[in-house]
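*Asks:* Sharing a structure here in structure tokens format.
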Amino acid sequence: RLVVGYALTKKKVKSFLQPKLLLLARKKGISFIPIDETRPLSEQGPFDIILHKKTSKEWQRFLEDYHEVHPEVTVLDPPNAIEHLNNRQSMLEEVADLNLSSFYEEVCTPRQLVIMKDPSSIPTAVAMAGLTLPLVAKPLVVDGTSKSHELSLAYDEASLPMLDPPLVLQEFVNHGGILFKVYIIGEAIQVVRRFSLPDVNTYDLLNNVGIYRLPRVSCAAASADHADLDPRIAGASSETTSRETRQGASWSSGSKIVQHRYD
Ligand SMILES: Nc1ncnc2c1ncn2[C@@H]1O[C@H](COP(=O)(O)OP(=O)(O)OP(=O)(O)O)[C@@H](O)[C@H]1O
Ligand SMILES: O=P(O)(O)O[C@H]1[C@H](O)[C@@H](O)[C@H](OP(=O)(O)O)[C@@H](OP(=O)(O)O)[C@H]1O
């Protein structure tokens, strides 16, 4: 038997600990026990594994202190190992530092700028950094809340002071309105396709002004696994994409997303 203690937000419990998973786990002798964060961890359990997705400093200390006393317990994603993922600046810097473009010609990261406060300084900061509009604005902190997934698209310089720091501003990268999401656990790799933000063209640039708030882009509901797509865009195989879907596909979904996202 394996006992997994979990410390997850209500949102995560709902999306992750679904009956199907719990049933499968039970069949394999794995049980999930909620952790009470108001009580010492040593008084709970005993656990074989701790699964958590909380980012507060108190929780991190709590977990680290416990692990020092109980090194036999596996802490999945120990706080110090994933700290750089709680911030969009450090997250992307790690990737940029890999310098993948010198190995794989087409792998690159968007140019970005961090704004900590003072929204009125954004136009000047953008001009000085030489970033080209439109810009995608994302909350700097990634803490598992719905708010941290909200994006904004800024088309014109005059609207930039309406953004809400701390945030990361990234140049918009046209990518055919489709995103490939790759999930990896050990040797297992799963690739899915999602509808994403459609390409921005000259017409959009001339006619769109202001800030477009986008609550959730490329979420699970935006699956494109079974959609007919232009093979030039979606040709890179996804594990869940059938050969039939990829052959003779037509490109029709981008404009639908424009409607859906911008109305
Ligand atoms: N610079 C960009 N240019 C164009 N589209 C972008 C850019 N950044 C993000 N997007 C689109 O917005 C979506 C959400 O961006 P985010 O940075 O939150 O990525 P994510 O890590 O894929 O999100 P999630 O938290 O759901 O895993 C992306 O999946 C992509 O569709
Ligand atoms: O459903 P996919 O496309 O895999 O996207 C996930 C994101 O990648 C995760 O970052 C979300 O978790 P957090 O909200 O804890 O960051 C996660 O949130 P959720 O567990 O609440 O659904 C998902 O939105």
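Read-outs: derived from the displayed coordinates by stated rules, not from any lab. Quick caveat: nothing in here was measured; it's all calculated off a predicted structure. Reconstructed Cβ throughout: ideal geometry from the backbone, glycine too, with neighbour counts over all protein chains shown.
*Asks:* Give me the percent relative contact order of the chain, please, defined on Cα pairs under 8 angstrom at least 6 residues apart. Show your work: numbers first, answer last.
*Replies:* Details: 402 pairs, mean separation 34.2, N = 263.
RCO, the chain: 13 percent.
*Asks:* If you don't mind, another one. Which distance in nm do the two modelled labels at S31 and A81 give, with both placed 7 Å along the Cα-to-Cβ direction?
*Replies:* The modelled label-to-label distance comes out at 2.6 nm.
*Asks:* What residues have an amide H closer than 5 Å to that of H52, excluding those fewer than 5 places away on the same chain, when H is modeled at 1.01 Å from N in the peptide plane?
*Replies:* Result for H52 returns A7, L76.
*Asks:* How much mean residue ellipticity at 222 nm does the chain get from its helices, if each DSSP H run of length 4 or more adds -39500 (n - 2.57) and you divide by all residues, to the nearest 500 deg cm²/dmol?
*Replies:* Using -39500 (n - 2.57) per qualifying helix, the result is -7500 deg cm²/dmol.
*Asks:* Once you put a point 7 Å from the Cα of S121 and another 7 Å from the Cα of V13, both along the Cβ direction, what distance in nm separates them?
*Replies:* In this crude spin-label approximation the distance works out to 4.1 nm.
*Asks:* For D143, enumerate residues with amide H under 5 Å from its amide H, sequence gap 5+ or separate chain, H modeled in the peptide plane.
*Replies:* Long-range HN contacts for D143: S148.
*Asks:* Which pairs, out of K117/K138; K12/K54; K10/K181; K11/K53, put more than 20 Å between their alpha-carbon atoms? Present the calculation step by step, with values, prior to reporting the outcome.
*Replies:* Details: K117/K138 14 Å; K12/K54 10 Å; K10/K181 24 Å; K11/K53 11 Å.
K10/K181, as the Cα separations exceed 20 Å there.
*Asks:* Oh, and also: What net charge do the residues around I30 carry, taking every other residue with its C-beta under 10 Å from that of I30, with Lys and Arg at +1 and Asp and Glu at -1?
*Replies:* Counting the neighbours of I30, the net charge comes to +3.
*Asks:* Give a residue-ordered list of calculated ³J(HN,Hα) values for segment 48-61 (Karplus: 6.51 cos²θ - 1.76 cosθ + 1.60, θ = phi - 60°; whole Hz; x for Gly, Pro).
*Replies:* Here the 3J(HN,Hα) series is 8, 9, 10, 10, 9, 8, 10, 10, 5, 4, 4, 5, 4, 5 Hz.
*Asks:* Compute the FRET efficiency between S102 and Y203 as 1/(1 + (r/R0)^6), taking r as their Cβ-Cβ distance and R0 = 30 Å, and round to the nearest 0.05.
*Replies:* With R0 = 30 Å, the Cβ-Cβ based efficiency is 0.30.
*Asks:* Would you mind computing, in nm to one decimal, how far apart the modelled labels at N174 and R61 are, each placed 7 Å from Cα along Cα→Cβ?
*Replies:* 5.1 nm
*Asks:* Note down the net charge around L113, summing +1 for each Lys or Arg and -1 for each Asp or Glu among other residues with Cβ under 14 Å from its Cβ.
*Replies:* Neighbourhood net charge equals 0.
*Asks:* Now for a different question. Could you run the Karplus curve 6.51 cos²θ - 1.76 cosθ + 1.60 with θ = phi - 60° over segment 90-98 and give me ³J(HN,Hα) per residue in whole Hz, x for Gly and Pro?
*Replies:* Once rounded to whole Hz, the list reads 5, 4, 6, 4, 4, 5, 4, 5, 5.
*Asks:* Apply the Karplus curve 6.51 cos²θ - 1.76 cosθ + 1.60, θ = phi - 60°, to the phi angles in segment 119-127 and return the couplings in whole Hz, x for Gly and Pro.
*Replies:* Result, rounded to whole Hz: x, 5, 7, 4, x, 5, 4, 5, 5.
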